[in-house]
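Colleague: This is the structure I have questions about; it appears just below.
Where a number appears in this text, it was derived from the coordinates with a stated rule and is not lab data. It should be emphasised that the depicted structure is a prediction, and the values quoted were computed from it without experimental measurement. Cβ placement follows ideal geometry from the backbone for every residue including glycine, while neighbour counts extend to all protein chains displayed.
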Amino acid sequence: MPHINWEAPFWGEGANCFRLGTDADGNAYIAVTGHEDRPLTDAREALVQLIQDIKAGKADHLL
């Protein structure tokens, strides 16, 4: 696994805590805090779009 520069944890409502990170090649990662050894990865643009869609309420039906 490449070296990932993790941002500070983001704490949402309840017990949800996530971290975002990037590697030297510009790939983006998202992981549950404490499980950074098993991140999701995709292109930075795809993760940005995912976060923007969640913030826009497009995933509210999943809650």
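Colleague: At 0.36 nm per residue, minus the direct Cα-Cα distance, what do GLU7 and GLN49 gain on full extension? Give it in nm, one decimal, please.
Modeller: Roughly 13.3 nm would be gained on extension.
Colleague: While we're looking at this one, here's another question. When ranked by the protection proxy of mean other Cβ atoms within 10 Å per residue, highest first, what sequence do the peptides 26-39, 45-58 form? Mind dumping the intermediate values first?
Modeller: Details: 26-39: 14.4, 45-58: 11.9.
Result, highest mean Cβ count within 10 Å first: 26-39, 45-58.
Colleague: Let me ask something else. For the chain, give the magnitude of the charge dipole about the Cα centre (Cβ charges: +1 Lys/Arg, -1 Asp/Glu; no others), in debye to the nearest 20.
Modeller: 120 debye
Colleague: So, one more: Please compute the length gained on full extension between ASP60 and ASP37, using 0.36 nm multiplied by the number of residues separating them and subtracting their Cα-Cα distance.
Modeller: Result: 5.5 nm gained on full extension.
Colleague: With contacts defined as alpha carbon pairs under 8 Å and 6 or more residues apart, what's the relative contact order of the chain in percent? Working shown, then result.
Modeller: On the way: 77 pairs, mean separation 13.0, N = 63.
It comes to 21 percent, rounded to a whole number.
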